[in-house]
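Take a look at the structure below.
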Amino acid sequence: MTTVSAYAATSATAPLTETTITRREVGPHDVAFDIHFAGICHSDIHTVKGEWGDVAYPLVPGHEIAGVVTEIGSEVTKFKIGDRVGVGCFVDSCRECAQCRAGEEQYCTNPGMVGTYNGIGRDGERTQGGYSGAIVVDENYVLHIPDSITLDAAAPLLCAGITMYSPLRHWNAGPGTQVAVIGLGGLGHMAVKLAHAMGATVTVLSQSLKKMEDGLRLGADEYYATSDPATFETLSGTFDLILNTVSANLDLNAYLELLTVDGTLVELGMPEHPMTVGAPVLVSGRRSLAGSLIGGIAETQEMLDFCAEHDVRPEIEVITPDYINDAYQRVLASDVRYRFVIDTATLRRK
Ligand code: NAP
Ligand code: ZN
Ligand code: ZN
């Protein structure tokens, strides 16, 4: 076992504080790596605050993890010491159910994927995430980071990037497709960049026009404020695909009206409380309301390679661990441009 420094939440309301945690011995199929950067996802905040149910504190969040391999198990074939690697939202799954065999481990049904934190691994130990100095993960759940992507920029791709890439591919975004992105935060800004790189026409639907200049620079063709009721009249029946990345409840009915006949609104945000949808807005346009969860390992690797090839990178603000609590407040205030990434140097073994 190795002891490493980490930042942990000790309750739903206390600030995160520095602590130490242990990582398991490197097993035959394991890769151990020093964490260099970890992104802050809004899911970390929902989890820490107990908005998604039970949490075992102390909890070390972080599922956008990038670093460099320091040790490999005797049976490892895909990685070597010194490789630049990443880990996203899960570190294991059953490997036997139809979803696992199809490479969609995020939808594992037996009984489900093992979350990178707040999960229970095969060894019976509670998993702890990336706001820490090092981690040990089975090689089948580790990604290769392409040479041209720096480790700080790679981190947000491992959740925000794949969470947007997967539905854009699944619903065939490309030239001629009208895509709208609700919320220009961590997920939303990746959606804009990826949809643009795939050739789709992209519209941002943000609460205000404050970030319009950024949105257009990131690749949006149009930018509208949802605080302006005229937006909903102007855009009625426009979009083939709407990606909702908002972390809070919205009136989905108003947004479903913006879909074309046969259009789909994909829910990516996971607010604490249920949202209500009336039947007429779906029925009248044969519209679909769908959801999507991150992406499988193979698709995550495909996304990383796509980002390398198409020069897609997140816009990041790199912080030190002592700024995590301030960063949380800024994310909650929609004051993130567009992903906080923790430089974990002070948490690594010296
Ligand atoms: P984020 O950086 O905080 O972005 C969310 C954006 O939503 C904000 O920047 C803001 O954009 C908008 N927003 C926030 N509060 C709002 C409100 N009250 N009304 C309207 N708009 C509001 O969060 P994130 O990290 O992108 O995560 C977004 C959501 O996705 C979270 O619920 C997270 O848990 C979930 N998530 C899901 C998956 C998945 O696999 N499905 C993966 C990762 C995260 P504007 O300022 O532009 O309006
Ligand atoms: Zn996430
Ligand atoms: Zn499975």
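Whose amide H sits under 5 Å from the amide H of Val85, counting only residues 5 or more places off or on another chain, with H placed in the peptide plane?
Gly67, Val68, Val69, Ile145
Could you give the size of the charge dipole of the chain about its Cα centre, using +1 on the Cβ of each K and R and -1 on the Cβ of each D and E, expressed in debye and rounded to the nearest 20? List each step's numbers first, then the result.
On the way: 24 positive and 44 negative charges, 43 e Å.
Rounded to the nearest 20 debye, it is 200 debye.
For Thr19 and Ser148, what does the FRET efficiency come to when R0 = 35 Å and r is the distance between their Cβ atoms, rounded to the nearest 0.05?
On the way: r = 35 Å, r/R0 = 1.00.
Approximately 0.50, to the nearest 0.05.
Counting Lys and Arg as +1 and Asp and Glu as -1, each charge on the Cβ, what is the dipole of segment 72-193 about the Cα centre in debye, to the nearest 20? Don't jump to the answer; show the numbers that get you there.
Values: 9 positive and 12 negative charges, 65 e Å.
Computed about the Cα centre, the dipole is about 320 debye.
Over the chain, what per residue volume does the convex hull of the Cα atoms give, in whole Å³?
Working: hull volume 45.5 nm³, N = 350.
With only Cα atoms used, the chain gives 130 Å³ per residue.
Counting heavy atoms of the protein chains only and a 1.4 Å probe, report the per residue accessible area for the chain as a whole number of Å².
Numbers: 14440 Å² over 350 residues.
Ligands and nucleic acids excluded, the figure is 41 Å² per residue.
Over the chain, what is the mean sequence separation of C-alpha contacts under 8 Å (at least six apart), divided by residue count, expressed as relative contact order in percent? Please report the intermediate quantities before stating the final value.
Details: 822 pairs, mean separation 65.4, N = 350.
Rounded, it is 19 percent for the chain.
Scan segment 48-127 for trypsin sites (Lys or Arg not before Pro) in coil per DSSP, keeping those whose Cβ has at most 14 other Cβ atoms within 10 Å, and list them by number.
Passing sites in segment 48-127 are Lys78, Lys80, Arg95, Arg122.
List the relative contact order of segment 1-152 as a percent without decimals, with contacts defined as Cα pairs under 8 Å and 6+ residues apart. Intermediate results must be reported in sequence, preceding the final value.
Working: 348 pairs, mean separation 42.5, N = 152.
It comes to 28 percent, rounded to a whole number.
Which of these, Ala248, Ala154, Ala191, has the largest mean-square fluctuation under a Gaussian network model of the chain (Cα springs below 10 Å)?
Ala248
Could you state the principal axis extents of the C-alpha atoms in segment 117-272, from the largest down, to the nearest angstrom?
That works out to 54, 36, 31 Å along the principal axes.
Who wins for biggest fluctuation among Thr320, Thr234, Thr22 in a Gaussian network model of the chain, springs between alpha carbons below 10 Å?
Residue with maximal mean-square fluctuation among Thr320, Thr234, Thr22: Thr234.
Looking at segment 186-314 from every direction and averaging, what is the projected area of its Cα convex hull in nm²?
Numbers: hull surface 33.4 nm².
For segment 186-314, averaging the hull's shadow over all directions gives 8.4 nm².
Hey, got a sec? Which GluC sites (Glu not before Pro) in segment 18-106 land in a DSSP loop and have at most 16 other Cβ atoms within 10 Å?
Loop-located and lightly packed - Glu25, Glu51, Glu75, Glu96.
Can you tell me how much longer the chain between Lys78 and Leu216 gets when fully stretched, taken as 0.36 nm per residue apart minus their C-alpha distance, in nm with one decimal? Display every interim value, and only then the final one.
On the way: separation 138, 0.36 × 138 = 49.68 nm, distance 3.94 nm.
Working it through step by step, the gained length comes to 45.7 nm.
With the cut-off at 14 Å, report for segment 288-347 the share of all Cα pairs above it, as a whole percent. Intermediate results must be reported in sequence, preceding the final value.
Numbers: 1238 of 1770 pairs.
More than 14 Å apart: 70 percent of the Cα pairs in segment 288-347.
Could you give P(r) for segment 208-282, binned at 5 Å from zero, as whole percent values over all Cα-Cα pairs?
Reading the bins upward from 0: 3, 14, 21, 26, 23, 9, 3, 0.
Given +1 on the Cβ of Lys and Arg, -1 on the Cβ of Asp and Glu, and no further charges, what dipole in debye does segment 1-116 carry about its Cα centre, rounded to the nearest 20? Mind showing how you got there, number by number?
On the way: 8 positive and 15 negative charges, 20 e Å.
My answer is approximately 100 debye.
Could you please tell me the mean projected area of the C-alpha convex hull for segment 3-90, averaged over all directions and given in square nanometres to one decimal?
On the way: hull surface 24.3 nm².
Computed as one quarter of the Cα hull surface, the answer is 6.1 nm².
Based only on the alpha carbon positions, what is the Kirkwood hydrodynamic radius of segment 81-141, in angstrom?
Values: mean 1/r = 0.0821 Å⁻¹.
The answer is 12.2 Å.
Using only the alpha carbons of segment 161-231, what is the convex hull's orientation-averaged projected area in square nanometres?
Values: hull surface 17.4 nm².
Averaging across all directions leaves 4.3 nm² for the Cα convex hull.
Could you give me the radius of gyration and the Dmax of segment 239-350, taking only the C-alpha atoms into account and expressing both in angstrom?
Reported Rg and Dmax, both Å: 18.5, 62.
What percent antiparallel are the DSSP beta bridges of the chain, to the nearest 5? Please list the in-between numbers first.
Values: 33 of 59 bridges.
The answer is about 55 percent antiparallel.
Stokes-Einstein D for segment 140-189 at 20 °C, 1.002 mPa s, Kirkwood Rh over Cα pairs, in µm²/s?
Details: Rh = 12.6 Å.
For the chosen part, D equals 170 µm²/s.
With θ set to phi - 60°, apply the Karplus curve 6.51 cos²θ - 1.76 cosθ + 1.60 along segment 7-23 and write out the HN-Hα couplings as whole Hz, x wherever there is a Gly or Pro.
10, 10, 8, 9, 7, 5, 10, 6, x, 5, 9, 6, 8, 10, 9, 10, 10
Counting only protein heavy atoms, what percent of the accessible surface of the chain is carbon or sulfur at a 1.4 Å probe?
Numbers: 7230 of 14440 Å².
Its accessible area is 50 percent carbon and sulfur atoms.
With the dipole of the chain worked out from charges on the C-beta (+1 for Lys and Arg, -1 for Asp and Glu) around the Cα centre, which of Met198, Ser227, Gly269 lies farthest toward the positive end?
Farthest towards the positive end: Gly269.
The values are calculated or read from the model by the stated rules, or taken from the named source; none is laboratory data. Just so we're clear, the structure is a prediction, and the values are computed from it rather than from any experiment. Counting neighbours? That spans all protein chains shown, and the Cβs are built from the backbone with ideal geometry, glycine included. Surface areas here come from the heavy atoms of the whole protein model, side chains and all, with no ligands, DNA or RNA. Shrake-Rupley method; radii C 1.70, N 1.55, O 1.52, S 1.80 Å.
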